[in-house]
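Structure first, then comments.
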Amino acid sequence: MTNREKKDKKFLMAENHSSQKSENGKSEVDCPSCGNNITVRDYQQNIVICENCGRVLKEEIKDRGPEWRAFKQEDREKKSRAGPPTTETIHDKGLSTYIDWKNRDAKGNKLSPQRRNQVYRLRKWHKRTRVSDATDRNLAFALSEINRMSSQLSIPRNVQEIASRIYREAIEENLIRGRSIEGCTSATLYAACREAEIPRTLKEIAEASRVDRQEIGRTYRFISRKIDLDLPLTDPSNYVSRFGSELNISGEAKVEAMEIIRKAQEEKLTSGKSPSGTAAAAIYIAGLKCGERRTQRDVAKVADVTEVTVRNRYKEIAKELDEKNIAKNR
């Protein structure tokens, strides 16, 4: 491949897209030759071609990309004139401006003392105007709490977005009045973890929060009932990967534990039981069957349950599923 061809390949911006549908349901850019509706946009030649047969369907199309070129991420960040996307994790959704704390002008030169005092006053009043009323102050503090707990619990960004959205809905329904902000943020974060199927228990949320477990559970039930949250039941198999990694068991034992949980769910043995306790018992049984035995104390410590819970769930599952190999390996 020549340098010219390499250069052309870099500038070729092909975009697969489904054709838009017209009002009568037929595709507007169906290929007249083969009838395919998947097209490719070639922005270098400004044409739209059929992906199947290569026929040119449109000419002189508009380039939807930027007018500048960049070959490194640093160059893209410098040349990009658009800001970050809107986010629910900031009280103003990231749409307001921001005055940097660096006391330098656009050319990088230091500001004079008089100019620096002026920028300090501007920065102070700008910060005050961003949080204008009680709702904004509530949101600013609550969303910062969600961000703090999410960082402490290693919760991904998309779950923070869900928690922030739920908290905003609770404010719109006037459900926060008379309740602590910490309790409401902890409850919404737990609800977001349930919705995204991220394995986090109430006790883990309470340890990262400033309120106790009972208040979080009470607030969670109240908010979920008032704004009609349709949350799925916590699947015990979601805990197997995390607990198994902390216990340093093999992938085979993890798969066996998930299979035991699946059989227990079919026999209705997990109804009304703690998901973490069920997962701990399944891991304990899988360790016995796969020759990677872990003590009940170790399993209970990782799952943050008592040894009695592990023992009771173990006896129930072993009895109902008739795990004959367990007694031999025990």
Query raised in the report: What do you reckon, is VAL159 open to solvent by less than 60 Å² (accessible area, probe 1.4 Å) and either touching a residue at least 60 places away in the same chain (Cβ under 8 Å) or under 25 Å from the mean Cα position of the chain (by Cα) (or both)?
Result: yes
Query raised in the report: Taking ARG179 and the conditions (1) buried (at least 16 other Cβ atoms within 10 Å of the Cβ); (2) assigned to a helix (DSSP H, G or I), which numbered condition does it fall short on, given that it satisfies the others?
Result: (2)
Report task. Return only the number of the condition from (1) open to solvent by 100 Å² or more (accessible area, probe 1.4 Å); (2) under 21 Å from ASP136 (Cβ atoms); (3) modelled with pLDDT of 75 or more that GLU74 does not satisfy. Result -> (2)
Query - Residue ranges of helices (runs of 4 or more DSSP H) in the range 226-330 with at least 3 members closer than 30 Å to LEU189 by Cβ and at pLDDT 90 or above - result: 240-247, 251-266, 275-289, 296-303, 307-321
Query raised in the report: ASN138 passes all but one of (1) over 20 Å from the mean Cα position of the chain (by Cα); (2) of a type outside the set (D, E, K, R); (3) open to solvent by 70 Å² or more (accessible area, probe 1.4 Å); which number fails?
Result: (3)
Requested in this report: For residues that are within 16 Å of ALA264 (Cβ to Cβ) and β-branched (Val, Ile, Thr), scanning just the range 281-298, find the one that is surrounded by the most Cβ atoms within 10 Å (Cβ to Cβ).
Outcome: ILE283
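Yes or no, residue by residue, for (1) exposed (fewer than 15 other Cβ atoms within 10 Å of the Cβ); (2) at negative phi; (3) of a type in the set (A, V, I, L, M):
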| site | (1), (2), (3) |
| --- | --- |
| ARG104 | yes, yes, no |
| ILE166 | no, yes, yes |
| GLY183 | no, yes, no |
| CYS193 | no, yes, no |
| ALA196 | no, yes, yes |
| THR201 | no, yes, no |
| ALA208 | no, yes, yes |
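The values are calculated or read from the model by the stated rules, or taken from the named source; none is laboratory data. From a predicted model like this one, the values you see are computed outputs, not experimental measurements. No Cβ is skipped: glycine too gets one built from the backbone with ideal geometry, and neighbour counts run over all protein chains shown. Keep in mind that these areas ignore ligands, DNA and RNA; they rest on the heavy atoms of the full protein, side chains included. Shrake-Rupley method; radii C 1.70, N 1.55, O 1.52, S 1.80 Å.
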